[in-house]
């Protein structure tokens, strides 16, 4: 309640103490709380799902593959080596040696390519183990009969 003094200025009546009237919430408060809880649970489920997929990726077991690439007469050659179904690609060194780390476990197709000509080797990759393919022969030129086909 306001009192007016001689100058007609409204001064609050504080004789009863300060009283704060909290505004009444508009709408259904219970419905809002349920909606906030549902959104929170959905958010947590999305975070949990993202965490599981990255954890699964980090925990996936891998192994390694190594070997030598040679031509038809057994001479070492530089080649590209890839693991089919992955984005893994390496080059062999001058003596034809290659080593591929981080290969997912299981049966894998290893493609050893010299230009457009390639050889395929199927290997079984074990977790935390090194698999050797030995010497992989890759023809460096197409045979005459294939050229005339």
ask   = Is there a residue being at pLDDT 85 or above and either over 30 Å from residue 115 (Cα atoms) or surrounded by fewer than 11 Cβ atoms within 10 Å (Cβ to Cβ) (or both) anywhere in region 47-61?
value = yes
task = Among the candidates 100, 122, 111, single out the residue that is without any contact (Cβ under 8 Å) to a residue 60 or more places away in the chain, surrounded by fewer than 13 Cβ atoms within 10 Å (Cβ to Cβ) and either touching a helix residue (DSSP H, G or I) at 6+ places or on another chain (Cβ under 8 Å) or within 18 Å of residue 63 (Cα to Cα) (or both).
result = 122
note = Residue hits (region 80-96; outside any loop (DSSP other than H, G, I, E, B) and either in contact with a helix residue (DSSP H, G or I) (Cβ under 9 Å, 6 or more places away or on another chain) or surrounded by 13 or more Cβ atoms within 10 Å (Cβ to Cβ) (or both)) are 80, 81, 82, 83, 90
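The values are calculated or read from the model by the stated rules, or taken from the named source; none is laboratory data. Note that the coordinates shown come from a computational prediction; the quantities given were computed from them, not determined experimentally. As a convention, Cβ positions derive from the backbone with ideal geometry for all residues, glycine included, and neighbour counts pool all protein chains shown.
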